[in-house]
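Bear in mind that the values in this text are calculations on the coordinates, not laboratory data. Predicted, not measured: the structure shown is a model, and the values here were computed from it. Heads up, the Cβs are rebuilt from the backbone with ideal geometry, glycines too, and the neighbour counts pull from every protein chain shown.
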Amino acid sequence: MAETAKLSHTAAIILQALDAGFVYGFSIMEMTGLPSGTVYPAMRRLERDELIRSQWERQAIADAEQRPARKYYKLTPAGKATLEASRKRYPLLERLIPSEEAKPV
Amino acid sequence: MSPLWERLLRPLPRALLSGASIFVPRHERAEWLREWHAELWHVRKACMPEDYFSWAGEQEVLAFCLGAFQDALCLRQYGSQRANNLGASESPELCILCLAVLLSTFLAAALLLPGVRAVQALSTPEFAPGLVLIYDAGANNDEPTISSGQYRAWKRLRQRYFDGFAFYKVTQEAVGREPDSNTSHAQARWQIGRATPNLFRLMRTQVRFQSPAERTESNMPEIILSEALWKREFGADPHVAGRMLRLGIHQAKIVGVAPDGSWGLPGNVGAWLLQSDSDVLPNGLGYVVAHLTPDGEAEMWTQCMRITVYGPNESEDDLLGVSLGAGNPGPWGVFLFTAFLALLTLPATTSVSLGEYAVCSHKPSWSRRLYRWGFLGAKIALLMPIAYLASLDLAYGCTRLDVTTAVYIQLVASFSICLFGLNWALRDQRQRCPVCLRRVVHPAQVGYASRTFLAWNGTELMCMGGHTLLHVPGLPTSWFSTQRWLYLDSSWSFLFPDSGSPIEGKLISAFPHIDLAS
């Protein structure tokens with residue numbers, strides 16, 4: 001995906017949230033206020049366009065915390081470049097979700 | 001909230017997720033469910049207090065789960081897009097399936113539409129061979145010209161060329177649908193053919209709904225409806241036999257329905273009233289149908305023959321005998337005629353070549369070639385019944401149309417469907433890879449029109465399986481008049497790492513020195 005790719009507001013916010021450290025679907029929902037029916041399909045599209053990639057948490061970690069393993073999402077280099085281009089286009093993105101708000105995973 | 005409600009609501013989110021997972025492509029379903037179940041666990045933990053039931057929390061959880069449907073549908077859409085990219089929509093199996101569905105639809109319509117069912121049952125001409133209509137040579141054959149006296153005289157004498165005669169005359173009469181209906185508003189005026197009782201036996205015409213047992217039991221005058229009148233006045237009711245009609249002061253009983261499209265008898269008769277000779281023949285002019293003996297048939301070289309009748313005072317009457325049954329060929333005959341006509345017309349509308357270049361050194365194997373021809377044959381084999389049934393549905397679906405109009409509609413519809421169907425079958429075949437029979441895609445315009453006389457100009461398409469390229473000339477020239485297949489050998493395989501899918505976004509050309517335009 002080229003840097004100049006056109007992103008919707010939703011996709012740009014999700015990329016910003018991921019960059020800020022909100023790395024799974026429900027945390028992005030909580031951060032952005034977007035419903036599940038918007039967030040998860042948008043992440044499928046971003047993953048299809050290779051702007052983000054997903055990885056399952058190790059089962060041992062989940063077992064130790066007595067919860068199911070979850071799927072984490074991460075920006076790819078192309079996703080980071082696209083996010084940079086989006087920040088120039090939407091300067092409020094960074095102020096909306098600053099990086100320091102990131103939660104520990 | 002009672003514990004019962006709680007017990008009922010608890011499994012609902014998981015049930016919703018399971019329901020939504022139906023829309024997810026099968027190979028992605030397990031992972032998709034795993035992710036949503038994990039997320040659900042965290043949503044529950046965040047929204048639902050542990051020590052008491054919260055309606056607001058349940059609502060949040062349910063709203064979260066409803067979003068799974070949008071996610072599942074989104075995945076399904078991507079799945080179908082990927083399938084399209086792999087050429088599933090261009091596969092030969094899908095093409096045959098679509099044609100089979102179309103055929104089933106028209107077949108179902110033909111079985112359901114009463115008009116079509118009726119014509120299929122009635123349309124087979126059941127003429128005895130050697131039937132002629134006799135009329136005065138100086139008159140039009142639509143006019144009644146034979147007197148009842150002449151008919152009686154011919155019937156009485158032993159004839160060399162004829163072994164049977166039937167007579168009928170046509171009158172317009174008021175007919176009441178109910179036996180006791182004398183009021184004018186309950187009556188309609190029909191063209192009644194008053195015929196001698198042997199008319200249908202002589203013609204060996206199939207009369208539908210006729211019950212032989214009923215005929216012998218009743219002494220009442222019998223009426224046989226024409227097909228057009230049966231459809232118009234009785235809505236093609238299959239239980240019409242046995243109903244009573246009133247003709248003038250007499251009553252008559254409907255005993256069946258006869259096909260009128262294939263008769264060719266003049267008079268535009270709506271219903272046939274079978275009466276004894278004495279009732280039919282008192283006076284007036286009518287029509288005579290005669291059956292030829294073998295000697296008569298031997299004399300009948302054409303559709304028409306001249307007959308000379310010698311009268312008692314050495315007078316001579318010049319008559320004409322016109323063969324019956326050569327008129328309307330019936331729906332099947334119309335279809336065969338139009339299919340033949342479409343085959344004749346086809347080369348004028350499209351090239352019948354399949355794009356094979358004779359000089360090409362590479363040829364597919366015999367089995368592949370057989371498969372290819374089999375596919376073309378299957379398409380045509382499915383197209384022909386589609387054309388027949390669709391034209392029948394169009395022509396005879398509406399029971400209000402008269403037979404002549406229906407025949408014309410069938411003629412036009414059948415010819416159009418046959419011609420365009422065959423045209424499509426050939427064009428579709430030319431656009432399919434000879435190896436895998438998938439349609440070639442991603443057209444790329446090659447060259448410039450101004451270079452037609454110097455270089456190649458046309459369109460290039462490729463098989464998604466990486467087997468072939470198709471070159472279609474933009475302007476046919478003496479050296480490149482029809483499309484050509486270029487078979488790709490193993491040196492091309494680096495362009496198709498996955499045999500099912502080409503590299504997206506790459507355009508390749510068999511002529512690298514020529515510019516590619518997207």
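Report the percentage of all Cα-Cα pairs in the stretch B:3-86 whose separation exceeds 20 Å, rounded to a whole percent. Percent of Cα pairs beyond 20 Å in the stretch B:3-86: 39.
Counting Cβ atoms of other protein chains within 10 Å of each residue's Cβ and taking the mean over peptide A:64-73 gives 3. Close amide H pairs (under 5 Å, H built 1.01 Å from N) link B:Thr468 with B:Cys463, B:Leu488, residues at least 5 positions away or on another chain. Put a plus charge on the Cβ of each Lys and Arg, a minus charge on the Cβ of each Asp and Glu, and nothing anywhere else: the dipole of the stretch B:3-86 about its Cα centre is then about 380 debye.
When the charge dipole of the stretch B:3-86 is built from unit charges on Cβ atoms (+1 for Lys and Arg, -1 for Asp and Glu) and taken about the Cα centre, the candidate among B:Phe53, B:Gly19, B:Leu8 whose Cα reaches farthest toward its positive end is B:Gly19.
Of A:Thr38, A:Val23, A:Gln59, which is farthest towards the positive pole of chain A's charge dipole, taken about the Cα centre with +1 and -1 on the beta-carbons of Lys, Arg and Asp, Glu respectively? So the residue we want is A:Thr38. Between B:Arg369 and B:Thr477, full extension at 0.36 nm per residue minus the direct alpha carbon distance yields a gain of 36.1 nm.
Other residues whose C-beta falls under 14 angstrom from the C-beta of B:Phe23 contribute a net charge of +2, scoring Lys and Arg +1 and Asp and Glu -1. Look at B:Ser323, A:Ser54, B:Ser493 and count the other Cβ atoms within 10 Å of each Cβ; fewest to most, that gives B:Ser493, A:Ser54, B:Ser323.
Electrostatic tally near B:Pro13: other residues with Cβ closer than 9 Å to its Cβ, Lys and Arg +1, Asp and Glu -1, net +2. Peptide packing: for B:363-372, B:406-415, B:479-488, the average count of neighbouring Cβ atoms within 10 Å per residue gives the ranking B:406-415, B:479-488, B:363-372, highest mean first.
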